[in-house]
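Input: a single structure, listed below in structure tokens.
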């Protein structure tokens with residue numbers, strides 16, 4: 001029999017092994033059930049069956065039950081009663097949702113429920129499921145909690161979408177009950193935000209956020225999430241801003257189409273999304289950014305000459321495989337790769353030459369971010385070399401050997 005508590009009004013199956021004096025096959029059995037009231041009831045089994053389903057009607061009271069069995073063979077004489085097996089019956093908790101309503105018009109989503117349990121509550125949780133039935137998030141809740149507010153920070157709930165909630169409550173008795181409900185979202189979103197983008201002298205993008213223009217019934221925009229959508233579709237979050245504030249993107253890719261995705265939030269939690277397309281035109285320059293925040297920028301363009309070496313770590317082996325086999329080696333790649341390159345430029349501004357020299361000789365010059373004119377970006381270790389010729393004193397040569405490393409985002 002099950003060791004877990006049994007809900008009253010449920011059937012219980014009892015099974016046994018024969019045990020009577022003559023050792024013959026079972027011809028009959030008696031099953032004695034003693035309920036919490038103490039009045040035993042015997043059920044006769046008149047064949048060789050070695051199991052019995054105690055009907056739900058016999059398990060109608062909460063408390064402990066005891067069961068024992070004796071069997072009869074072909075000849076006279078009952079075997080001895082077995083030792084008692086016991087189980088506990090308890091009242092299944094009664095759980096039900098009272099909120100949310102069928103249609104939710106604003107965030108947060110209000111959730112409320114009731115629990116009736118004569119043995120208290122030992123644990124409870126609520127799961128939010130998407131339209132396919134997949135669990136989006138599960139909350140473990142205090143045993144005395146009967147309400148929950150699902151906010152947009154808990155889970156991204158979309159507008160005009162159906163969701164369901166599952167409530168699981170374990171009573172003090174150990175019995176568990178489940179309730180489900182569903183709701184649909186239907187709210188008015190704020191007008192999509194807009195933005196104006198400008199480049200500074202270090203080719204950082206300044207994204208000035210503005211709330212969208214809506215009608216009188218359109219809710220106000222309280223905040224806007226800003227993220228860069230890279231040419232390959234990946235996203236780089238810049239932060240959350242109020243309308244009128246400016247997000248600074250220190251390292252946008254140069255001379256390629258990308259965008260800034262703006263997610264507007266209303267006080268209700270309703271959202272709307274817009275994308276501002278943009279191209280950061282470097283006017284032919286390549287950018288080197290230094291410092292932990294990539295705020296020190298140098299642009300180099302004249303007489304640019306660039307070469308790049310990409311080398312994978314590969315071991316090759318010749319195997320003596322006999323006549324008729326290929327003479328070429330077999331290659332085994334480790335998965336490691338080194339990327340390095342050399343780049344040279346001409347600087348015609350004394351101020352820029354001296355500023356670049358100061359930066360590269362400072363502690364900030366140990367690493368930098370490099371952005372080429374084709375939209376590629378890399379973080380790595382530079383080694384700068386400077387030269388000038390008295391015959392062309394207004395021209396300085398700057399070259400760099402750059403070893404690419406694992407990408408690191410600027411601080412802040």
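The values are calculated or read from the model by the stated rules, or taken from the named source; none is laboratory data. Please read all numbers here as calculations on a predicted model, not as lab measurements. When we count neighbours, we look across all protein chains shown, and the Cβ atoms used for this are built from the backbone with ideal geometry, even at glycine.
Residue 288 meets all of the listed conditions (1) touching a strand residue (DSSP E or B) at 6+ places or on another chain (Cβ under 6 Å); (2) without any contact (Cβ under 8 Å) to a residue 60 or more places away in the chain but one, namely (2). All conditions but one from (1) surrounded by fewer than 17 Cβ atoms within 10 Å (Cβ to Cβ); (2) within 30 Å of residue 37 (Cα to Cα) apply to residue 79; the one that does not is (1).
Restricting attention to segment 392-402, does a residue exist that is at positive phi and surrounded by 12 or more Cβ atoms within 10 Å (Cβ to Cβ)? Among the residues of segment 392-402, not one is at positive phi and surrounded by 12 or more Cβ atoms within 10 Å (Cβ to Cβ), which makes the answer no.
The numbered conditions (1) crowded, with 16+ Cβ neighbours inside 10 Å; (2) more than 22 Å from the chain's Cα centre (by Cα) are all true for residue 123 except (1).
Quick grid of which residues meet (1) over 26 Å from residue 336 (Cβ atoms); (2) without any contact (Cβ under 8 Å) to a residue 40 or more places away in the chain:
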site	(1), (2)
368	no, no
374	no, no
379	no, yes
383	no, yes
387	yes, yes
390	yes, yes
396	yes, no
401	no, no
407	no, yes
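Note on segment 152-165: residues that are at pLDDT 95 or above and either touching a helix residue (DSSP H, G or I) at 6+ places or on another chain (Cβ under 9 Å) or surrounded by fewer than 18 Cβ atoms within 10 Å (Cβ to Cβ) (or both) amount to 2.
Residue 92 meets each of the listed conditions (1) surrounded by 13 or more Cβ atoms within 10 Å (Cβ to Cβ); (2) under 22 Å from the mean Cα position of the chain (by Cα); (3) at pLDDT below 95 apart from (2).
When residue 33 is tested against (1) without any contact (Cβ under 8 Å) to a residue 40 or more places away in the chain; (2) crowded, with 19+ Cβ neighbours inside 10 Å; (3) out of contact with any strand residue (DSSP E or B) (no Cβ under 6 Å at 6 or more places or on another chain), just one condition goes unmet, and that condition is (3). Give me a count of the residues in segment 250-285 that are touching a strand residue (DSSP E or B) at 6+ places or on another chain (Cβ under 8 Å) and free of Cβ contacts under 8 Å to residues at least 24 places away in the same chain. Total meeting the criteria: 1. Just one of the listed residues (149, 106) is surrounded by fewer than 17 Cβ atoms within 10 Å (Cβ to Cβ) and in a loop (DSSP other than H, G, I, E, B), and it is 106. Which residues, taken from segment 261-282, are in a loop (DSSP other than H, G, I, E, B) and modelled with pLDDT under 95? Those that are in a loop (DSSP other than H, G, I, E, B) and modelled with pLDDT under 95: 267, 268, 269, 270.
Just to be sure before I move on: is residue 292 modelled with pLDDT of 85 or more and either assigned by TED's automatic domain parsing to the domain that holds residue 374 or within 30 Å of residue 239 (Cα to Cα) (or both) in the structure I sent?
Details: modelled with pLDDT of 85 or more: yes; either assigned by TED's automatic domain parsing to the domain that holds residue 374 or within 30 Å of residue 239 (Cα to Cα) (or both): yes.
Answer is yes for this residue.
Evaluate the following for residue 299: is it surrounded by 10 or more Cβ atoms within 10 Å (Cβ to Cβ) and in contact (Cβ under 8 Å) with a residue 60 or more places away in the chain? When the stated conditions are applied, residue 299 passes them.
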